[in-house]
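Heads up: the structure comes next, in C-alpha cells.
The values are calculated or read from the model by the stated rules, or taken from the named source; none is laboratory data. Just so you know, these numbers come straight off a predicted model, no measurement behind them. No Cβ is skipped: glycine too gets one built from the backbone with ideal geometry, and neighbour counts run over all protein chains shown. Areas reflect the complete protein model, heavy atoms only, side chains present, ligands, DNA and RNA absent. Shrake-Rupley method; radii C 1.70, N 1.55, O 1.52, S 1.80 Å.
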Amino acid sequence: MKLQGKVALVTGGSRGIGAAIALKLASLGCHVAINYAGNVNKAEETLARIQSLGVDAKIYQANVANYDEVEVMTKQIIKDFGHLDIIINNAGITADNLMMRMDQQSFDSVIDVNLKGTWNVCKSVTRSILKQREGVIINLSSVVGMNGNIGQANYAASKAGVIGLTKSLAKEFASRKIRVNAIAPGYIKSDMTAKLSDDVTEKVLENIPLGQLGEVEDIANAVAFLVSDEARYITGQVLVVDGGMAI
Ligand code: NAP
C-alpha cells in the first residue's frame, strides 16, 4: 500500500506514542485523523505540527470505550476524508495496583479503554474496510500482555486480549487483503511511563539488553514499516519493540 494520499486514524493521537505515529504517517504523505479523549490542547498542538507537513488533518474527540462515540467519529472521518485506509488503535490507559488492592473499577476501566476500545474501533470500520478490500490495522499491545507484570493484572489482561483480537481479525479479514498486526512496545518514554518512580525505571533499565529506554519514534518507525507495502505478506503478527527486554 502506497501511503501518499491514504487516510489514517490514530486513536490517542494527541500525545506520546500516538502523536509520534500520527506525525510519522503524515511525513510519509498520509492524511491523518487524530482522536483524543480530553486533552484538546495537546491534540491541537499535534494537529498544527501535522498540518505544517502539508497533509490534511483533523482532530476528533471521542472516548474509544464508548461504541456510539466511536461510530459517530469513524463515520465523520469517512465523510470528511472520503475513505479510511489505516487504523492505528493506540489509545490506552493504566491503573496499576497489586491484586490485593486493585478494585473492580480499575479492572473495568482499563479493559474498557484498551481492549473494548480497540474492538469498538475495529467493529465500526469493519464494513467499510472490507468493502474497500484495502487497508491495514495496527493494534498497540505491550510486552506486559505477553509476559504479565506485577501490579498490572488489568493492563496485562487488556493487552493480551488485544493480541487475541488482532490474530482473530487477521484471519477473518485476510481474504479481503486487510492486514491486522500488533506492536508490543517495551518501556517507551511518555506521560504513561513518567508516572513510574525512578526506582522502577532503574530496575526496568537493568533488564533492557540494548541499555536504553525506548523513544516514541521507535514505535512510530515500526508502524511505518507494518503499514507499508514492504510488509504486504505480514499479518496476524506481534512485533516486539523493546530493546530486547522480553527476550
Ligand atoms: P500516553 O502518553 O498516556 O497517551 C495516551 C493517549 O491515549 C492520549 O492521546 C490520550 O488522549 C489517549 N486516550 C486515553 N484514554 C482514551 C480514551 N478513552 N479514548 C480516546 N483516547 C484516549 O500513552 P503512551 O505511552 O503514548 O501509550 C500509547 C499506547 O501504547 C497505549 O495503548 C499503551 O498502552 C501502549 N504502550 C505504551 C508503552 C510505554 O512504555 N509508554 C508500553 C507498552 C504499550 P488525551 O491526550 O486526550 O488524554
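So the values come out like this:
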| read-out | value |
| --- | --- |
| Residue match in the stretch 194-201 (condition: assigned to a helix (DSSP H, G or I), more than 19 Å from Leu98 (Cβ to Cβ) and in contact with a helix residue (DSSP H, G or I) (Cβ under 8 Å, 6 or more places away or on another chain)) | no |
| Unmet requirement for Gln76, which otherwise passes all of (1) assigned to a helix (DSSP H, G or I); (2) in contact (Cβ under 8 Å) with a residue 40 or more places away in the chain; (3) surrounded by fewer than 21 Cβ atoms within 10 Å (Cβ to Cβ) | (2) |
| Conditions (1) under 21 Å from Ser128 (Cα atoms); (2) within 16 Å of the ligand (Cβ to nearest atom); (3) in contact (Cβ under 8 Å) with a residue 60 or more places away in the chain; (4) among the aliphatic types (A, V, I, L, M); number of the one not met by Ala170 | (2) |
| Test: Ile183 is in a helix (DSSP H, G or I), touching a strand residue (DSSP E or B) at 6+ places or on another chain (Cβ under 7 Å) and closer than 30 Å to Thr235 by Cα | no |
| Options Val113, Val70, Val40: the member that is closer than 16 Å to Met192 by Cα and either within 10 Å of the ligand (Cβ to nearest atom) or touching a His at 6+ places or on another chain (Cβ under 8 Å) (or both) | Val113 |
| Output for the stretch 81-110, where each listed residue is in contact with a Lys or Arg (Cβ under 9 Å, 6 or more places away or on another chain), more than 11 Å from Leu9 (Cα to Cα) and open to solvent by 60 Å² or more (accessible area, probe 1.4 Å) | Asp96 |
| Index of the failed condition, Tyr36 passing every other in (1) in contact (Cβ under 8 Å) with a residue 60 or more places away in the chain; (2) under 29 Å from Ala157 (Cα atoms); (3) open to solvent by less than 50 Å² (accessible area, probe 1.4 Å) | (1) |
| Matching residues, the stretch 139-159, being more than 18 Å from Val64 (Cβ to Cβ) and in contact (Cβ under 8 Å) with a residue 12 or more places away in the chain | Val143, Val144, Met146, Asn147, Ile150, Gly151, Gln152, Ala153, Ala156 |
| Leading residue by the ranking (surrounded by the most Cβ atoms within 10 Å (Cβ to Cβ)) among those in the stretch 128-167 that are part of a strand (DSSP E or B) and within 12 Å of the ligand (Cβ to nearest atom) | Asn139 |
| The stretch 214-247, residues that are open to solvent by less than 20 Å² (accessible area, probe 1.4 Å), in contact with a Phe, Trp or Tyr (Cβ under 9 Å, 6 or more places away or on another chain) and outside any strand (DSSP E or B) | Ala231 |
| Total residues in the stretch 190-208, condition in contact (Cβ under 8 Å) with a residue 40 or more places away in the chain and either more than 11 Å from the ligand (Cβ to nearest atom) or open to solvent by 70 Å² or more (accessible area, probe 1.4 Å) (or both) | 2 |
| Top-ranked residue of the stretch 2-21 - restricted to ones that are surrounded by fewer than 23 Cβ atoms within 10 Å (Cβ to Cβ) and more than 16 Å from Val227 (Cα to Cα), ranked as nearest to the ligand (Cβ to nearest atom) | Gly16 |
| Criterion violated by Tyr187 - all others in (1) more than 21 Å from Arg15 (Cβ to Cβ); (2) in contact (Cβ under 8 Å) with a residue 40 or more places away in the chain satisfied | (1) |
